[in-house]
Amino acid sequence: MTNYERIFRTAIAQLRNERRYREFADLERIPGRFPRAHWHSPAGLREVVVWCSNDYLGMGQHPAVISAMTEAVEKYGAGAGGTRNISGTHHPAVLLERELASLHEKESALLFTSGYVANQTALATIGRLLPDGVIFSDAGNHNSIIEGIRRSDARKAIFRHNDLNHLEELLCAETPARPKLIVFESVYSMDGAIAPIAEIVTLAERYGAMTYLDEVHAVGMYGAHGGGIAEREGLASRIDVIQGTLGKAFGCIGGYIAGNEALVDAVRSYAPGFIFTTALPPAVCVAALAAVRHLKSSSAEREAQQRNVRELKEKLAAAKLPVLPNESQIVAIPVGDAEICKQLSDRLLHEHGVYVQPINYPTVPKGTERLRATPTPQHDSRLIGEFVTALEAVWRESGLPFVSGDAAAQARSLESAPAAIRSRA
């Protein structure tokens with residue numbers, strides 16, 4: 001007889017042996033006090049400061065968002081009532097899709113239950129609809145993109161991360177008449193690199209390719225209205241499909257794509273991951289709509305976040321702690337060893353009340369393990385100083401070397417390590 005339990009226990013033991021087993025901290029965010037949270041630790045309840053939230057602007061606790069959701073629950077109830085095809089196309093979803101289409105200068109938008117599902121479903125569907133098509137994918141793309149391309153059954157060509165010459169070589173190798181789709185991200189979440197969007201779009205136009213841009217780690221935070229890096233660079237109208245999330249800078253949950261009406265309607269009509277999934281609840285859509293509208297008109301949150309990101313990077317450099325160089329909100333602190341990275345994270349939490357998750361393989365390649373901090377507008381100078389002091393202490397106690405004038409070079413060597421399987425934590 002097959003011992004099924006032993007199969008699963010062996011699989012988990014393998015993860016533990018490789019220092020890849022994921023442990024979750026049991027947290028309760030404290031209303032009105034973000035980024036503070038209560039940690040249900042083995043020793044009891046403790047207050048900690050969260051430094052690794054993807055609620056990049058703290059909109060999950062913004063009064064306008066909470067008020068909108070509370071009123072919507074009273075008005076509409078808890079659930080959506082079914083799939084969009086059956087009974088789940090409620091008016092708040094329609095309004096939110098219109099707002100997202102406007103945000104990205106597109107004719108139409110389509111909601112999904114998460115950003116992951118949006119990528120996986122949309123790319124699989126678009127790829128299947130392109131006759132004899134080929135998809136060009138950046139080597140650093142997220143796992144949801146990789147899975148979507150796999151499910152499309154289209155031929156794929158992987159170009160080196162942000163390498164325009166390699167992308168052009170691959171495009172040149174295809175016949176002009178063959179349908180082509182270039183898929184890339186604006187902000188790569190594990191190293192903070194920003195894609196050369198204008199150059200990629202130019203190549204796409206030259207070789208007759210469509211473009212699909214993942215703005216998950218940029219929407220809300222860049223551009224005059226929070227439309228992402230493409231809006232900031234004045235390029236949104238030249239991108240065929242923009243994909244985003246409601247679960248990060250907008251502080252809610254859900255994902256979406258935006259594009260021309262025919263493309264979005266085709267995905268809506270053919271995608272199993274949309275057709276057969278219960279719709280987002282009305283209250284979620286109303287809350288997300290409030291967040292999108294607020295960030296379209298307010299730059300205060302974006303400006304405060306950018307100030308705090310700069311301050312954290314400067315203070316880490318002054319403390320001679322390594323930071324991967326980038327121009328985004330991602331503060332990646334390279335460690336280079338899975339076990340030590342986990343130890344640093346544990347000590348920060350248990351000894352200093354600082355919660356920042358270790359980023360290990362397969363999220364990043366082996367040998368490039370890191371801590372990843374994401375300052376928000378609410379991480380003020382005092383919290384930044386406390387974080388740097390705590391990290392400096394556990395870094396020294398762990399025997400890790402501090403960096404000197406060649407810190408940037410050391411960080412770049414980690415940043416340019418060979419690509420491996422990618423997936424966000």
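The values are calculated or read from the model by the stated rules, or taken from the named source; none is laboratory data. These numbers come from a predicted model, not from an experiment. FYI the Cβ positions are ideal-geometry reconstructions off the backbone, even for glycines, and counts take in every protein chain you see. For accessibility, only protein heavy atoms count, side chains too; no ligands or nucleic acids. Shrake-Rupley method; radii C 1.70, N 1.55, O 1.52, S 1.80 Å.
Some points to look at:
- Most to least accessible of R9, R155, R307 (protein chains only, probe 1.4 Å): R9, R307, R155
- Residues whose amide H lies under 5 Å from that of V331, counting only those 5 or more places away or on a different chain, are A373; hydrogens are built 1.01 Å from N in the peptide plane.
- Förster radius 22 Å - calculated FRET efficiency between R128 and A262, Cβ distance, rounded to 0.05: 0.90
- Carbon/sulfur fraction of accessible area - the chain, other protein chains in place, 1.4 Å, %: 52
- Accessible-area ranking of D138, D163, largest first, probe 1.4 Å: D163, D138
- Antiparallel bridge percentage (DSSP; both residues within the chain; nearest 5): 60
- Entry for region 133-200 at q = 0.12, 0.17 Å⁻¹: log10 I(q)/I(0) = -0.29, -0.59, Debye formula applied to identical alpha-carbon scatterers, no solvent contribution.
- Around the amide H of S41, modelled in the peptide plane, lie the amide H atoms of R46, all under 5 Å away and 5 or more residues distant in sequence or on another chain.
- Computed over the chain, Cα set: Rg, Dmax in Å: 21.8, 65
- Backbone HN-Hα couplings from phi across region 126-140 [Karplus 6.51/-1.76/1.60, Hz, Gly and Pro as x]: 4, x, 5, 7, 7, x, 6, x, 10, 10, 9, 10, 5, 4, x
- When each of K248/K342; K320/K366; K106/K313; K180/K296 is checked by Cα-Cα distance, pairs over 28 Å: K106/K313; K180/K296
- Stokes-Einstein diffusion of region 1-158 at 10 °C, 1.306 mPa s viscosity, Kirkwood radius from Cα pairs, rounded to a whole number: 78 µm²/s.
- Dipole moment magnitude, nearest 20 debye, the chain about Cα centre, only Lys, Arg, Asp, Glu C-beta charged: 680
- Mean sequence separation of contacting Cα pairs (under 8 Å, at least six apart), scaled by the length of the chain, corresponds to a relative contact order of 21 percent.
- For region 110-151 versus region 252-270, the inter-centroid distance based on Cα atoms is 12 Å.
- 19 Å tail of the calculated P(r), region 57-150, as % of Cα pairs: 60
- Computed with a 1.4 Å probe over protein heavy atoms only, the accessible surface of region 45-122 comes to 43 Å² per residue.
- Computed Rg/Rh of region 271-394, alpha carbon atoms with Kirkwood Rh: 1.08
- Residue-wise HN-Hα couplings along region 342-350, as the Karplus relation 6.51 cos²θ - 1.76 cosθ + 1.60 with θ = phi - 60° gives them from phi, are 5, 4, 4, 4, 4, 5, 4, 6, 6 Hz; Gly and Pro carry x.
- Close amide-amide hydrogen proximity is noted between F136 and A157, L181, I182, V183, each under 5 Å apart and 5 or more residues distant or on a separate chain (H modeled in the peptide plane; Pro and chain starts excluded).
- When the inverse distances between all different Cα atoms of region 154-274 are averaged and flipped, the Kirkwood radius reads 15.2 angstrom.
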